[in-house]
Amino acid sequence: MSKLNELRDDPPTTWQHEFRASLPRYLHCLFILAIEPDPYASTDRSANLGFKMADAEVAEEVLDKILAMADEEAAVAEERYGTQHSLNAIQVGSEMDYMFTYPAGELINVATMSFNKAIDFYRATRDQDCQRWAEKAIRVAQLVPGAQGTALVNVLQIRLGSLIGV
């Protein structure tokens with residue numbers, strides 16, 4: 001993932017622009033591969049509680065990368081355009097052509113899959129993992145623009161509250 005951070009030119013080359021435009025899909029695919037159950041894991045009932053993943057560390061790194069990219073873009077927008085634009089830096093259809101835009105559909109998919117994995121951790125009584133993954137899922141959902149993002153955040157927060165008894 002560190003190679004992704006080396007792709008910062010101003011203005012970006014065509015290759016870099018195309019790479020950053022397709023990066024959300026690549027991250028989504030990597031995330032799916034990482035959260036899928038390990039096909040070589042034990043198949044007994046106790047090992048298959050839904051929290052086994054091919055690579056939990058990679059899955060969480062993808063979540064962290066998505067959130068870091070959002071933070072980077074918000075900082076760039078704030079620097080160039082002031083606080084007003086910083087919250088919209090990663091939104092779809094941003095008028096700032098140089099900015100990275102992350103498709104809302106990709107954000108929704110990653111947020112919901114992350115939250116589902118948090119529920120799996122909860123079922124496995126791994127409460128700290130549940131809380132951490134749920135918080136990251138909500139942070140990703142907060143990147144979804146408009147009413148759709150607001151609704152998703154509300155649903156995830158309500159479901160987290162019902163899990164942890166808040």
Worksheet item: Taking region 147-160, which residues are open to solvent by less than 50 Å² (accessible area, probe 1.4 Å), farther than 10 Å from PHE115 by Cβ and modelled with pLDDT under 95?
Response: GLY149
Item to complete: Filter region 105-115 down to residues that are open to solvent by 20 Å² or more (accessible area, probe 1.4 Å) and either at pLDDT 95 or above or not polar (S, T, N, Q) (or both), then give me how many there are.
Response: 5
Item to complete: Could you list, in sequence order, all residues of region 120-145 that are part of a helix (DSSP H, G or I) and open to solvent by less than 50 Å² (accessible area, probe 1.4 Å)?
Response: ASP120, PHE121, ASP129, CYS130, TRP133, ALA134, LYS136, ALA137, ILE138, VAL140, ALA141
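Every residue, every condition in (1) within 24 Å of TYR102 (Cβ to Cβ); (2) surrounded by 12 or more Cβ atoms within 10 Å (Cβ to Cβ); (3) at pLDDT below 65; (4) touching a Gly at 6+ places or on another chain (Cβ under 9 Å), yes or no:
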{"position": "GLN16", "(1), (2), (3), (4)": "yes, yes, yes, no"}
{"position": "SER22", "(1), (2), (3), (4)": "yes, no, no, no"}
{"position": "TYR26", "(1), (2), (3), (4)": "yes, yes, no, no"}
{"position": "LEU33", "(1), (2), (3), (4)": "yes, yes, no, no"}
{"position": "TYR40", "(1), (2), (3), (4)": "no, no, no, no"}
{"position": "GLY50", "(1), (2), (3), (4)": "no, yes, yes, no"}
Fill in: Hey, ALA75 modelled with pLDDT under 80 and either open to solvent by 50 Å² or more (accessible area, probe 1.4 Å) or farther than 16 Å from ARG139 by Cα (or both) or not
yes
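The values are calculated or read from the model by the stated rules, or taken from the named source; none is laboratory data. Everything numeric in this text was worked out from a predicted model, so none of it was measured. Neighbour counts run over all protein chains shown; Cβ positions are idealised from the backbone, glycine included. Accessible surface is based on the protein model in full, side chains and every heavy atom, while ligands, DNA and RNA are left aside. Shrake-Rupley method; radii C 1.70, N 1.55, O 1.52, S 1.80 Å.
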